[in-house]
1. Hey, among the residues in the range 11-34 that are loosely packed, with under 13 Cβ neighbours inside 10 Å and among the aromatic types (Phe, Trp, Tyr), which one's modelled with the highest pLDDT?
2. Considering only residues that are within 30 Å of Glu56 (Cα to Cα) and among the small types (Gly, Ala, Ser), which ones fall in the range 1-26?
3. Taking only the range 1-31 into account, find how many residues are free of Cβ contacts under 8 Å to residues at least 12 places away in the same chain and not in a helix (DSSP H, G or I).
Amino acid sequence: MDLEFIVSAIALITGILFYIIWGITYNVWADVGIYSVSIVLIGFGVLGLLFCKIEEKK
C-alpha cells in the first residue's frame, strides 16, 4: 500500500469518527464547527482515495 492511500484512509476515518464521537458526547449533531472539521477531513480522505485509484489505472 502506498503512503498516500494510508493517509487518505486515516483522514476519512478520522473525519467520520470525529463527527460521530462529538455528536454522541455533546449531543450536538447540527453545528457549524463540527461540519467544518469533519468535511475537511472527509473531503481530503475521499479525494486522496480517488487520486490513488486514478493513479493505479495509469
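The values are calculated or read from the model by the stated rules, or taken from the named source; none is laboratory data. All values reported here derive from a predicted model rather than from experimental measurement. All Cβ positions, even for glycine, are placed from backbone atoms using ideal geometry, and neighbour counts span all protein chains on display.
1. Tyr26
2. Answer for the range 1-26, where residues must be within 30 Å of Glu56 (Cα to Cα) and among the small types (Gly, Ala, Ser): Ser8, Ala9, Ala11, Gly15.
3. Pass one, the range 1-31, residues free of Cβ contacts under 8 Å to residues at least 12 places away in the same chain: 1, 3, 6, 17, 20-21, 23-31.
Now narrow it down to the ones that are not in a helix (DSSP H, G or I): 1, 27-31.
Qualifying residue count, the range 1-31: 6.
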